[in-house]
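Here is the structure we will look at, set down as structure tokens.
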Amino acid sequence: MEETKTSIIKLQKAVEDDQKQLQQLIPGLPDEISMECLVRVPYQFHSNMKSVCHTWQHLISHPSFYQQRLKSGTSEHLVCLVQPLPPINDSTTTTTTEYDDNPLDSNNNKTTKNEDKQEQQQPIHSPPQYALSIYNITHNIWQRTSPTEGSGIPMFCQCLALPSSGKLLLLGGWDPTTLEPVPHVFILDFFGTTGATCNWRRGASMSVPRSFFACAVIGSSKVCVAGGHDSQKNALRSAEIYDVETDQWKMLPDMIEERDECQGLTWEGDSKFWVVSGYGTESQGQFRSDAEFYDLYSGCWSKVDGVWPFSSASPRGTTTAVCVNRDKHQRLWFLGGDQQQQQQSREVVQVSDTIRLEIVGSIPLPNCITGTNPCVTTFNYVGQEGGNHKNKHRLFVMSGGGGRGSSTLACGECDGEGASISDGYSNDGTIKWNHIHTPVEFSGFPYSASSLII
């Protein structure tokens, strides 16, 4: 009887030990050490990690896991670009792009295949098709994905990232076949990717079909859109706001002015949605020098003069906002204007008693960037310098159509004061750029760009 009782106790203890091991992230290791190991695994292997067990799947699908990656310095920088699919009509070499369901899945090590066989050529896409290109700057990986197989994404749609939730939105644009504006919303969830399948879903459609509009993320889960034009090419004043979590749109008061081809901007921690420049229906191509901002708290639009200095240049894609915690400045960077001038121009616009807008215009670009309207996106993050935390800003600038094998993507990095840190501080305070080789199948003109840290 005693032997039976002893055996039962031993069995119960063994079961308890097994349960403890099953609850541990890595059996035999404290969870703190296990977490330090898991956050160091590159993102391209996360889909495989989720297949190990339910505990890992739940952990790696949660935003807190990616926040821990950011704190530990193991996060990865992604640049997302809306680009046309490359025409496949070369007379000597056919380039076939492999479109992965998961753009960064470890089972897809090659992004392209080159076959020197004339018989494998395919026709040019008709009508033109567009897809989302994703460049992982940390590991130098190019990939491409689309929410619907074979049909691509709307032309000229806006690409917008929600950093805190790991989501990327594609908004509006044109139907590639009818060339009519569409209200479509596609959402890509980087955190929720499972297996080899990218977690795309359709969001609620915008209330107004529009293209060439302003949009920006405000807060952690809100997206504001305004302006653009309708199917008759009429410039719009209408605006609306989207809650990504509830999947609902709500109309906002109309802007003061019509604004087509305008640029949307927001600053982290601020309640204002800015709409820069644009033009009215009767003044196409004549870009306004002013801007408007909508304050979520007051529910009103206000206009600010003297913001956009280039009357013949569009702010779309060439403008980025940078957080500056210095004298309550908010910095606006333009990559327009005369690219030959070597000194950055600065102008301060008083928005209110407490907020000034510092405009930094005509940043000299590297020689590899050609064309009048390069596309720019930026990362705002905290970096280390001399053992201290400091706000850093990494700029990515790209222009398309550079030709086979050309380097059309460049990266520059600077701190919150505007000085270059990519190769140390420069004497004249200019940005030092680094070339990034762009495969020819990813060298198409980027119509919209956004960035994400995962």
Practice item. Inspect all residues belonging to segment 249-264 and state whether any of them is of a type in the set (Lys, Arg), within 15 Å of ILE218 (Cβ to Cβ) and either more than 27 Å from the chain's Cα centre (by Cα) or at pLDDT 95 or above (or both). Key: yes
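Yes or no, residue by residue, for (1) at positive phi; (2) out of contact with any Pro (no Cβ under 8 Å at 6 or more places or on another chain); (3) modelled with pLDDT of 95 or more:
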{"site": "ARG202", "(1), (2), (3)": "no, no, no"}
{"site": "SER205", "(1), (2), (3)": "no, no, yes"}
{"site": "ILE218", "(1), (2), (3)": "no, yes, no"}
{"site": "GLU240", "(1), (2), (3)": "no, yes, yes"}
{"site": "LYS272", "(1), (2), (3)": "no, yes, no"}
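Which of the residues belonging to segment 140-190 are β-branched (Val, Ile, Thr) and open to solvent by 20 Å² or more (accessible area, probe 1.4 Å)? Steps first, please.
First, the residues of segment 140-190 that are β-branched (Val, Ile, Thr): 141, 145, 148, 153, 177-178, 182, 185, 187.
Passing the criteria: ILE141, THR148, THR177, THR178.
The values are calculated or read from the model by the stated rules, or taken from the named source; none is laboratory data. In this text, all values refer to a predicted model and were calculated from it rather than measured experimentally. Note that we place each Cβ from the backbone using ideal geometry, even for glycine, and neighbour counts take in every protein chain shown. For the accessible areas, the whole protein counts, side chains as well, though only heavy atoms, and no ligand, DNA or RNA atoms are used. Shrake-Rupley method; radii C 1.70, N 1.55, O 1.52, S 1.80 Å.
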